[in-house]
1. Given q = 0.21 Å⁻¹, what are the Debye log10 I(q)/I(0) values for the range 43-137, with equal point scatterers placed on the Cα positions and solvent ignored?
2. Ranked highest first by average number of other Cβ atoms within 10 Å, how do 96-105, 27-36 line up?
3. For the chain, what is the mean residue ellipticity at 222 nm derived from helices alone (per DSSP H run of n ≥ 4: -39500 (n - 2.57); sum divided by total residues; nearest 500 deg cm²/dmol)?
4. Any chance you could check the Cα centroid distance between the range 34-84 and the range 102-178 for me, in angstrom?
5. Seen from all sides and averaged, what is the projected area of the convex hull of the Cα atoms in the chain, in nm²?
6. What spacing in nm lies between the two simple spin-label points modelled at residue 139 and residue 91, each 7 Å away from Cα in the Cβ direction?
7. Round to the nearest 0.05 the FRET efficiency obtained for residue 157 and residue 178 when R0 = 30 Å and r is the Cβ-Cβ distance.
């Protein structure tokens, strides 16, 4: 199987398993960190490309539409891992916009590609998403609400990139006499 077809198939399988386990609700925020360099077997930030991002974007968009969630694409360290998202999500979550446009060499290929594909893209400094996928160890933890809980899936990599998926749950407070939902 051609590499791009395999990546797409892996992504679709991952997202199907996320749907089964994450308990996503309408208007939840789903963050994506993605190293296209790692997918093709290179060191993060060195060799990625828009063609890899394009392969993954379609399944992500379909996932968001099916689950009625908002996608948030984490940029690379050169833009302080800022988030590219639709303006309607930025307004819904009342997040301040920042002045940057992600590009391949400063923002990362996935974030840059998303910026060109979203209807009304905007970049914000950070979010607190209810779930997310980290492809290639891009460190999305800073973009997740506390408390993050790993989701175990059958696919461990997209291409050569290690995949980690997490959902979040409310904090348990109140001690031993408290009741929890």
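1. The Cα Debye sum returns log10 ratios of -1.08.
2. Sorting 96-105, 27-36 by mean packing, highest first, produces 27-36, 96-105.
3. Dividing the helical sum by the residues of the chain leaves -9500 deg cm²/dmol.
4. Cα centres, the range 34-84 to the range 102-178: 10 Å.
5. It is 10.7 nm².
6. Result: 3.4 nm between the two label points.
7. 0.15
All of the numbers you see were taken from the coordinates with simple rules; none came from a lab. Please read all numbers here as calculations on a predicted model, not as lab measurements. When we count neighbours, we look across all protein chains shown, and the Cβ atoms used for this are built from the backbone with ideal geometry, even at glycine.
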